[in-house]
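Novice: Take a look at this one; I'll ask things after.
The values are calculated or read from the model by the stated rules, or taken from the named source; none is laboratory data. Keep in mind the model is a prediction, meaning the values are calculated, not measured. Heads up, the Cβs are rebuilt from the backbone with ideal geometry, glycines too, and the neighbour counts pull from every protein chain shown. Each accessible area value is taken on the protein alone, full model and side chains, heavy atoms only, with ligands, DNA and RNA left out. Shrake-Rupley method; radii C 1.70, N 1.55, O 1.52, S 1.80 Å.
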Amino acid sequence: MTATELCTEEEISRMVHAFYARVRQDDVLGPIFDAHVDDWDLHLSRLADFWSAILRRTGRFTGAPMPKHAVLPGLSAALFERWLGLFRETTDAQPNRAMAEQAQAMAQRIAQSLWMGYQASRDPDALPAVLPHG
């Protein structure tokens with residue numbers, strides 16, 4: 001199966017919108033995202049581009065998520081794990097199982113990378129902790 005056969009742009013858009021609807025309703029993550037996202041329509045569009053680049057290899061996303069996350073105050077492994085849990089719940093509900101499985105694997109890698117980068121930006125000399133594999 002090629003990357004473009006894995007899923008459609010519409011499936012990606014539905015996944016992104018469903019996931020961030022959950023995030024925004026979450027008692028812990030919702031306030032964090034709302035404090036840092038000024039324009040949700042623009043943010044969702046960029047995230048759809050991000051996931052299109054990952055799942056369909058479209059190259060539509062141009063950006064650097066690490067610096068944006070590294071400057072956020074007070075992130076923790078528990079917050080990344082909560083984000084991953086909501087992501088798994090959302091993708092588990094997607095009818096396209098191949099897309100869901102690939103998205104979950106990539107989300108785990110992305111969360112791990114962001115968490116390790118976040119820790120390194122705070123204490124470059126410390127050995128960063130890994131997230132448990134969900």
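Novice: Kindly indicate the residue of the stretch 107-134 that is open to solvent by 40 Å² or more (accessible area, probe 1.4 Å) and in a helix (DSSP H, G or I) and also farthest from Asp49 (Cα to Cα) among those meeting that condition.
Specialist: Checking each candidate, the answer is Arg122.
Novice: So for the stretch 37-51 (the condition being over 16 Å from Gln108 (Cα atoms), open to solvent by 50 Å² or more (accessible area, probe 1.4 Å), assigned to a loop (DSSP other than H, G, I, E, B) and modelled with pLDDT of 95 or more), does at least one residue qualify?
Specialist: yes
Novice: Scan the stretch 82-103 and tell me whether some residue there is modelled with pLDDT under 95 and under 26 Å from Val130 (Cα atoms).
Specialist: No, the conditions are met nowhere in the stretch 82-103.
Novice: Then there's this: Suppose the filter is touching a helix residue (DSSP H, G or I) at 6+ places or on another chain (Cβ under 6 Å), assigned to a helix (DSSP H, G or I), of a type in the set (Gly, Ala, Ser) and under 18 Å from Leu6 (Cα atoms); does Ala100 pass it?
Specialist: Yes: the conditions hold for Ala100.
Novice: May I ask you to list the residues in the stretch 52-68 that are within 21 Å of Ile12 (Cβ to Cβ) and either of a type in the set (A, V, I, L, M, F, W, C) or not in a loop (DSSP other than H, G, I, E, B) (or both)?
Specialist: The answer is Ser52, Ala53, Ile54, Leu55, Phe61, Ala64, Pro65, Lys68.
Novice: So which residues in the stretch 1-30 are open to solvent by less than 80 Å² (accessible area, probe 1.4 Å) and more than 21 Å from Gly59 (Cβ to Cβ)?
Specialist: Ala18, Phe19, Tyr20, Ala21, Val23, Asp26, Val28, Leu29, Gly30, listed by residue number.
Novice: In the stretch 72-97, how many are open to solvent by less than 60 Å² (accessible area, probe 1.4 Å) and part of a loop (DSSP other than H, G, I, E, B)?
Specialist: Counting residues in the stretch 72-97 that are open to solvent by less than 60 Å² (accessible area, probe 1.4 Å) and part of a loop (DSSP other than H, G, I, E, B) gives 5.
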